[in-house]
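The values are calculated or read from the model by the stated rules, or taken from the named source; none is laboratory data. The structure displayed is predicted, hence computed values, not measured ones. Because the Cβ atoms are built from the backbone with ideal geometry, glycine has one as well, and the counts that use them run over all protein chains shown. Ligands, DNA and RNA are excluded from the accessible area calculation, which covers all protein heavy atoms including side chains. Shrake-Rupley method; radii C 1.70, N 1.55, O 1.52, S 1.80 Å.
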Amino acid sequence: MRLNGFSACLLAICCVVTAYGQKPKQIVIAASTVFDGKGGVVHNTRIVIEGSKIVRIDPKAGPVDYDLRGLTVLPGWIDSHVHITWIFGPDGKSAGAGDTSKFAADAAAANAKVTLMAGFTTVQSVGSPNDLPLRDAIAKGTLPGPRILTSAEPLLGRGDQTGTPEEIRAFVRKQKEAGADLIKIFAAGSVRRPQMLLSQEQLNAACDEAAKLGLRSLVHAYKDAVGAAARAGCTQVEHGTLASDDDLKLLVQKGVWLDPQAGLVMENYLLNKDKFVGTPGFTEEAFQTIKEIIPSYHDFLKQALKVPGLKIVFGSDALAGSHGRNAEEFIDRVRDGGVDPMAAMVSANSLAAEAMRMGNQIGSIAPGLEADIIALDGDPLKDITSVRRVVFVMKGGVVYKNAGRRAIPR
Ligand SMILES: [Zn+2]
């Protein structure tokens with residue numbers, strides 16, 4: 001029998017109804033200790049997942065698919081500052097994040113995979129146009145990796161050469177059209193040369209245009225650029241070292257997030273010195289000062305912690321050599337920066353999600369949120385180095401790592 005258009009249409013509707021009529025398969029995780037991502041701890045419960053989402057927390061749910069009792073279960077971490085496509089090239093030297101070769105694409109995919117396996121289910125890459133195809137391939141399920149948000153091409157401050165405010169606004173619009181999730185702006189040099197690279201007027205234009213497009217603006221800033229970013233209405237300050245207490249209070253007043261670092265990025269340069277020295281921006285002279293710079297990062301974090309109401313998120317600045325080791329930054333923050341271990345966890349869970357305006361999707365273990373769930377072999381509140389022992393990773397309801405206990409047979 002030949003189906004006419006109407007019958008074919010009815011058949012299609014029937015199939016859809018049947019498919020939706022079936023109850024989706026549930027996954028049940030048993031846990032003895034669950035961090036909810038907001039600072040709370042729940043004991044002896046079960047997390048029920050349907051599709052990509054958590055549907056309920058129910059101690060009586062069963063049968064159990066994954067027995068994570070004895071571990072610390074928490075929401076997948078969110079790293080607010082990575083360079084996911086920054087790689088070492090075929091010659092072993094740092095190749096930045098701009099290489100478009102097949103080698104670079106494969107290396108970036110490997111970066112994404114190790115980052116996910118280390119417990120980071122969402123990262124914000126700040127950024128490179130090469131992030132875009134990687135982001136999309138992971139979102140489609142073609143490659144394993146964290147959910148990626150990217151700035152595409154960052155705005156590099158170059159004084160007057162950066163352009164007029166109108167030209168800067170056009171650059172920001174171009175990133176949005178390219179598919180950027182946020183705008184990254186370099187408003188200052190380095191901690192060694194912290195001078196501003198954009199005028200207040202230029203910075204105002206960049207952050208205002210981003211806001212008009214509904215995009216967040218993340219500003220690489222040191223010293224005076226920190227206050228300037230707050231005055232320009234930017235969303236978040238990256239690094240921030242050398243800012244004054246008044247600059248930090250201004251961040252609070254203006255509701256600007258701060259993403260300082262406590263060591264991993266510098267430790268990684270030292271660990272991989274041969275691979276960085278001689279590449280752009282990495283002179284032998286610069287390396288001599290890195291060791292001296294690390295304590296200033298610790299001091300800055302301690303200074304920031306004393307400012308009431310300052311919202312501090314987790315960002316490791318992971319780049320070539322530190323992808324998959326992002327959690328080392330937790331250890332630095334707690335051990336050397338004086339951060340409370342639970343606050344460190346929350347800074348990479350609900351707080352980071354809130355900073356990304358994604359608090360209703362990720363960063364907590366609660367009904368309705370994405371099932372991004374990890375487990376640590378150990379208690380990070382007692383031993384922060386347990387962040388190195390991620391034994392279970394689920395992202396969007398899909399299990400990518402289960403090196404803990406065996407599931408109880410159904
Ligand atoms: Zn960075």
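Observations
- Distance histogram in 5 Å bins (all Cα pairs of region 162-302, percent per bin): 2, 10, 18, 20, 17, 14, 12, 6, 1
- Net length gained if the chain between residue 101 and residue 246 were fully extended (0.36 nm per residue, minus Cα distance): 47.6 nm
- Peptides 241-249, 40-48 ordered by average Cβ neighbours within 10 Å, highest first: 241-249, 40-48
- Viscosity 1.002 mPa s, temperature 20 °C, Stokes-Einstein D of the chain from Kirkwood C-alpha radius, µm²/s: 96 µm²/s
- When restricted to Cα atoms, region 284-388 yields an Rg and a Dmax of 15.4, 52 Å, respectively.
- Candidates 156, 54, 78 compared by Cα position along the dipole of the chain: farthest toward the positive end lies 54, with charges placed on Cβ.
- Check: region 131-278 dipole with +1 on Lys, Arg Cβ and -1 on Asp, Glu Cβ, in debye: 260 debye
- With respect to the chain, whose longest principal axis is taken over its alpha-carbon atoms, helix 102-117 is tilted by about 70°.
- Here the peptides 282-293, 385-396 are ranked by packing, the mean other Cβ count within 10 Å, and the order with the highest first is 385-396, 282-293.
- Computed from label points 7 Å out along Cα-Cβ, the spacing between residue 385 and residue 253 is 4.5 nm.
- In this calculation the C-beta distance from residue 343 to residue 43 is compared with R0 = 22 Å, giving a FRET efficiency of 0.60.
- Summing Cβ point charges (Lys, Arg +1; Asp, Glu -1) relative to the Cα centre of region 187-273 gives a dipole of roughly 120 debye.
- Working from the Cα coordinates of region 188-244, the gyration tensor eigenvalues give, after taking √(5λ), semi-axes of 20, 11, 8 Å in decreasing order.
- Counting only protein heavy atoms and a probe of 1.4 Å, the accessible surface of the chain is 56% carbon and sulfur.
- Dipole of the chain, positive direction: furthest Cα of 132, 250, 358, with charges on the beta-carbon: 358
- Net charge dipole size for region 250-336 [Lys, Arg +1 and Asp, Glu -1 on Cβ; Debye, nearest 20]: 380 debye
- The angle separating the long axis of helix 131-140 from the principal Cα axis of greatest extent in the chain is about 10 degrees.
- Inverting the pair-averaged 1/r between distinct Cα atoms of region 114-196 gives 14.2 Å as its Kirkwood hydrodynamic radius.
- For the chain: accessible area per residue (Å², 1.4 Å): 43 Å²
- Ordering of 98-109, 252-263, 294-305, 224-235 by packing [mean C-beta count within 10 Å, highest first]: 224-235, 252-263, 294-305, 98-109
- Here the spin labels are modelled as points 7 Å beyond Cα on the Cα-Cβ line, and at residue 284 and residue 299 they lie 2.8 nm apart.
- Using the Cβ-Cβ distance between residue 142 and residue 32 with R0 = 35 Å, the FRET efficiency computed as 1/(1 + (r/R0)^6) comes to roughly 0.45.
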